[in-house]
Structures are given as structure tokens and as C-alpha cells.
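Structure, as C-alpha cells:
The values are calculated or read from the model by the stated rules, or taken from the named source; none is laboratory data. Treat the numbers as computed from the prediction; the structure is a model and nothing was measured. Methodologically, a virtual Cβ is constructed for each residue, glycine included, from the backbone with ideal geometry; neighbour enumeration extends over all protein chains shown. Calculation scope for accessible area: heavy atoms of the full protein, side chains included, ligands and nucleic acids excluded. Shrake-Rupley method; radii C 1.70, N 1.55, O 1.52, S 1.80 Å.
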Amino acid sequence: QVQLVESGGGSVQTGGSLRLSCASSEHTFSRNLVAWFRQPPGKEREFVAAIRLSSGITYVSNSVKGRFIISGETAKNTVYLQMNGLKPEDTAVYYCATGAALRYDALPQYPYWGQGTQVTVSS
């Protein structure tokens with residue numbers, strides 16, 4: 001059973017930065033897509049960014065493009081989400097997910113999820 005553990009969340013002011021990490025218990029990241037989703041208060045979970053470490057190809061949602069960067073280290077089984085220029089609307093619980101998804105933004109295609117880490121951005 002793949003276990004994912006997120007870390008790096010916290011509270012920052014508008015314009016601040018945070019780096020989230022997602023560590024896997026298994027060596028699955030090199031074979032699968034790894035994605036970040038987020039769930040703002042009272043809203044549905046939404047796609048943020050994804051990476052295929054085998055090729056280095058990344059996908060980023062329009063809402064965070066130019067501010068968030070996804071990267072990873074295969075040897076460490078870890079994926080990162082560097083978040084810059086944070087805005088209050090980025091406040092959410094951020095989840096890491098992985099799987100052999102065909103569509104990078106298709107939430108149901110990811111079978112493995114972390115427990116989430118809270119990011120709060122104050123104005």
C-alpha cells in the first residue's frame with residue numbers, strides 16, 4: 001500500500017511563499033503521475049499541478065500558473081510544490097496524489113492520497 005505524507009503547510013501573509021513536500025513510502029513516483037490538488041473551505045477539491053518524473057513534464061492549472069512550481073526528486077521519492085506570490089484565495093488543504101492516471105487533472109484516477117496539509121494565506 002502506497003503511503004503519501006505531505007508537509008510544509010502553514011500560515012503566511014499575502015505575497016508570501018511556502019514549499020510543500022510529498023514523500024512516498026514506495027518507489028512509485030518514477031512510474032506514475034504525481035499531482036497536487038487543493039480543497040478550499042466549503043468547495044470541491046481542485047487540480048493544482050502534476051508532474052511525470054520519468055519525463056519531467058509538468059502541468060499547472062491556470063489559477064496558479066506563474067506562481068507555483070512543481071518539481072521532484074526520484075531518488076528521494078519526493079515531489080515538491082513551490083508556492084510563490086500567495087493570495088488569500090490559495091487558502092486550502094493541499095493534497096498529494098499519485099497513480100497511473102491518464103488525465104493529469106482527473107481526481108478519480110488517482111488511487112493514492114496523502115492526508116493533506118493546511119495552507120492559510122491572510123490579507
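It is to be established whether one or more residues within the range 107-117 are in contact (Cβ under 8 Å) with a residue 24 or more places away in the chain, closer than 13 Å to residue 19 by Cα and not in a loop (DSSP other than H, G, I, E, B).
The answer is yes; a qualifying residue exists.
When residues of the range 1-38 are filtered for being farther than 15 Å from residue 90 by Cα, out of contact with any Leu (no Cβ under 6 Å at 6 or more places or on another chain) and not in a strand (DSSP E or B), how many remain?
Residues flagged as farther than 15 Å from residue 90 by Cα, out of contact with any Leu (no Cβ under 6 Å at 6 or more places or on another chain) and not in a strand (DSSP E or B) within the range 1-38 amount to 9.
Are any residues in the range 28-44 basic (Lys, Arg) and open to solvent by less than 80 Å² (accessible area, probe 1.4 Å), and if so, which ones?
38
Does residue 25 meet the test of being open to solvent by 20 Å² or more (accessible area, probe 1.4 Å) and either modelled with pLDDT under 95 or under 23 Å from residue 105 (Cβ atoms) (or both)?
Answer is yes for this residue.
Tell me yes or no: at least one residue of the range 49-61 is of a type in the set (A, V, I, L, M), modelled with pLDDT of 95 or more, under 12 Å from the mean Cα position of the chain (by Cα) and open to solvent by 20 Å² or more (accessible area, probe 1.4 Å).
Yes: one or more hits.
When both residues are 6+ apart or on different chains and their Cβ atoms are under 9 Å apart, which pairs have a first residue that lies in the range 58-69 and is part of a strand (DSSP E or B), and a second that is of a type in the set (Phe, Trp, Tyr) and open to solvent by less than 40 Å² (accessible area, probe 1.4 Å)?
From residues that are part of a strand (DSSP E or B), the pairs are 59/47; 60/68; 68/36; 69/80.
Scan the range 85-105 for residues that are open to solvent by 10 Å² or more (accessible area, probe 1.4 Å), in contact (Cβ under 8 Å) with a residue 24 or more places away in the chain and under 18 Å from residue 59 (Cβ atoms) and jot them down.
If the condition is that a residue be open to solvent by 10 Å² or more (accessible area, probe 1.4 Å), in contact (Cβ under 8 Å) with a residue 24 or more places away in the chain and under 18 Å from residue 59 (Cβ atoms), then 95, 100, 104, 105 are the ones that fit.
Go through the range 24-43 and report how many residues are in contact with a helix residue (DSSP H, G or I) (Cβ under 9 Å, 6 or more places away or on another chain) and either without any contact (Cβ under 8 Å) to a residue 60 or more places away in the chain or β-branched (Val, Ile, Thr) (or both).
3
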